[in-house]
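Peer 1: Input: one structure, supplied below.
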Amino acid sequence: MERLEGRVAFITGGAQGIGLGIARALARRGVKLALADINQDALNKAQAELSAHTATEVFVLDVRDREAFAAVADEAEARLGPVSLLFNNAGVAGGASVAEMTYEVWDWVLGVNLNGVVNGVQTFVPRMIERGGDAYVVNTASGAGLVVIGSGVMYSTSKFAVVGMSEALRNALSRRDIGVSVLCPGFVTTDIAENSAALRPAREPDAGRLTAKREDSKLRGTSIDAVGDLVLAAIKARQLYIYTDDEIGEHLERRHQVLLDALATAPPRTARP
């Protein structure tokens, strides 16, 4: 992964937020871009910006749609060449409180945040294996995929799953020259709350809380361009976990101590014959 110039990257959620930050960092290093996003206007704007630096193709895609994902992948590779850098980045925020959870909202959150990553992996990793590796996958999870920090049951469920999948995938692909990292961002200056509210299949039950969280994110957040540079540095170092700040550090320490304390009370394993 020392040489990025001339490679092709496929980025979901690539026209906005963290995806756009990653795309900008890649464009500066001569990587050709296939950007997939649900927002056509954002795609047009991103293409106009990035085409000045590198070959950029854009595709409207709902990452929950497996057939559409495969079709877009085929078209992207036909236009740009084989994808060797995959960024499963599309995601939504929020969900519903435990008193207002519905199957519809569960399906939406898990469909985008988890199944969207599964679809990206299942679409591209077999192609990477067939071509002989020399590829990399970055899945976007969250700090809320490592510790419970008040992001809601649905969101935490989806992001914990992405972390676990990424760890297992990294292990499974370690001998095939395909690297895997999982991005666990904290506050980043994006419009994910507004975008998610517009896409949500039911009314937002706590708009005031999300508005406050959105404003906090914009005041305290890491810039999307800084995140893009962090991601590229992690790829070159083949780093498993990518953080955008150290805010969850104390929460991680407490969680792991609780796990270790519980383990200390477990009976010893019975020796096998």
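Nothing in this text is a laboratory measurement; each read-out follows from the coordinates by a stated rule. Everything quoted here is computed from the prediction, not taken from an experiment. Note that each Cβ is placed from the backbone with ideal geometry, even for glycine, and that neighbours are counted across all protein chains shown.
Peer 1: Using the Cα centre of segment 8-248 as the reference point, and only Cβ charges (+1 on K/R, -1 on D/E), how large is the resulting charge dipole? Debye, rounded to the nearest 20.
Peer 2: Values: 23 positive and 28 negative charges, 123 e Å.
The calculated dipole for segment 8-248 is roughly 600 debye.
Peer 1: Which residue fluctuates the most in the chain, going by a Gaussian network model with Cα springs under 10 Å, if the choices are 63, 105, 117?
Peer 2: The residue that fluctuates most here is 105.
Peer 1: Kindly provide the helix-only [θ] at 222 nm of the chain, computed as the sum of -39,500 (n - 2.57) over DSSP H runs of four or more divided by all residues, to the nearest 500 deg cm²/dmol? Don't skip to the end; give the middle numbers.
Peer 2: Working: 10 runs with 134 residues, N = 273.
After summing the helix terms and dividing by residue count, I get -15500 deg cm²/dmol.
Peer 1: Over segment 8-248, what is the relative contact order in percent, taking alpha-carbon pairs closer than 8 angstrom and at least six residues apart? Could you put the intermediate results ahead of the total?
Peer 2: Values: 459 pairs, mean separation 52.0, N = 241.
Relative contact order for segment 8-248 comes out at 22 percent.
Peer 1: Skipping prolines and chain starts, which residues have an amide H placed within reach, meaning under 5 Å, of the one on residue 7, given they are 5 or more residues away or on another chain?
Peer 2: The list, which skips near neighbours in sequence, is 32.
Peer 1: Charges on Cβ only, +1 for Lys and Arg, -1 for Asp and Glu, centred on the Cα centroid of the chain; of 56, 182, 46, which one is farthest towards the dipole's positive end?
Peer 2: Going by the charge dipole, the pick is 182.
Peer 1: Using a Cα-Cα cut-off of under 15 Å, which aspartates and glutamates could be cross-linked to residue 32, ignoring same-chain neighbours fewer than 8 residues away?
Peer 2: 5, 49, 57, 75, 77
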